1. In region 134-145, what residues are among the hydroxyl-bearing types (Ser, Thr, Tyr) and crowded, with 16+ Cβ neighbours inside 10 Å?
2. What's the number of the condition residue 2 fails, among (1) over 13 Å from the mean Cα position of the chain (by Cα); (2) under 20 Å from residue 121 (Cβ atoms); (3) open to solvent by 40 Å² or more (accessible area, probe 1.4 Å); (4) not aromatic (Phe, Trp, Tyr)?
3. In the set 33, 42, which member is surrounded by 22 or more Cβ atoms within 10 Å (Cβ to Cβ) and either of a type outside the set (Lys, Arg) or modelled with pLDDT under 95 (or both)?
4. Identify, please: which residue in region 63-92 is on the phi < 0 side of the Ramachandran plot and among the small types (Gly, Ala, Ser) and is, among those, most open to solvent (accessible area, probe 1.4 Å)?
5. Pick from 54, 94: which is at pLDDT 95 or above, under 11 Å from the mean Cα position of the chain (by Cα) and closer than 20 Å to residue 151 by Cβ?
6. Have a look at 193, 164, 110, 175 and point out the one that is farther than 22 Å from residue 10 by Cβ and touching a Pro at 6+ places or on another chain (Cβ under 6 Å).
7. Among the residues of region 72-107, write down those that are over 21 Å from residue 10 (Cβ atoms) and either in contact with a Gly (Cβ under 7 Å, 6 or more places away or on another chain) or acidic (Asp, Glu) (or both).
8. Looking at region 160-183, is at least one residue closer than 14 Å to residue 35 by Cα and open to solvent by 70 Å² or more (accessible area, probe 1.4 Å)?
Amino acid sequence: MLKFWRKYWYYIGGVLFVAAAFAMGFWGAQSLSRIQVILVFSWMAMLVHQFEEYALPGGFPLISNFIGSGEVEHPEESPLNQLQCFVSNVIFCYLAYLIPVFFPNLIWMGASQVFAGVLQLQAHGFSLNRKLKSVYSPGLGAVVFLQIPLAVYYTYYVCAYMQGNAWQLLLGVPGALLLLLFVFLLPIRFMKGTGHPFEERELYGYKREFVKKELRNARSKTK
């Protein structure tokens, strides 16, 4: 079961998104506080972000490893690999996004969660796009249409209805940076070279032919 989850975690995340949408529609929105609803929706937006990266249109493994990091020799397993992505995107990320739901008055914790999505705009909206020679990279849709609007609404709601705790929003930016560091950057650093390559079906997605051509050209130059 764990092996299946490791291989298809982003599809399982898509199923969780649908289940969460029904749960929030029929029960959650009425039973949770407004700030908790925002935080649950932020986690759901992250599920969409992950599905966009790895499933539809997908192709993020090679876009990140080769286009982003310049890995030519083993772009199927370095710096990102299948196990590291499961650990970061499921175990660490789910905890980082869901724990704040249970502590809604700790605004710094919730702000760290929602602002982390905004910070991903730099990679998905600028740096990867420039290297892909495209206005889009997998993950950008969720950032622009879900994660940024949720962060704006979270900030508005706290400032309007939780003014005594609004100062904690200032801690959200360094908190978001630390979240990205511990959830993604450090696992990538320490799990690099541990094997567990991505499968062929995971490597190519968005701009498949462009990525293939660039990889062939890069490899021909190293011979």
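The values are calculated or read from the model by the stated rules, or taken from the named source; none is laboratory data. A quick note: this is a predicted structure, and the numbers were derived from the prediction, not measured. Cβ: placed from backbone, ideal geometry, glycine included. Neighbour counts: every protein chain shown. Areas reflect the complete protein model, heavy atoms only, side chains present, ligands, DNA and RNA absent. Shrake-Rupley method; radii C 1.70, N 1.55, O 1.52, S 1.80 Å.
1. Restricting attention to region 134-145, the residues satisfying the condition of being among the hydroxyl-bearing types (Ser, Thr, Tyr) are 134, 136-137.
Within region 134-145, 136, 137 meet the criteria.
2. (2)
3. On inspection, the qualifying residue turns out to be 42.
4. Checked region 63-92; the qualifying residue most open to solvent (accessible area, probe 1.4 Å) is 69.
5. None of the others qualify; the one that does is 94.
6. 110
7. Answer for region 72-107, where residues must be over 21 Å from residue 10 (Cβ atoms) and either in contact with a Gly (Cβ under 7 Å, 6 or more places away or on another chain) or acidic (Asp, Glu) (or both): 73, 100, 104.
8. Yes, region 160-183 contains a residue that is closer than 14 Å to residue 35 by Cα and open to solvent by 70 Å² or more (accessible area, probe 1.4 Å).
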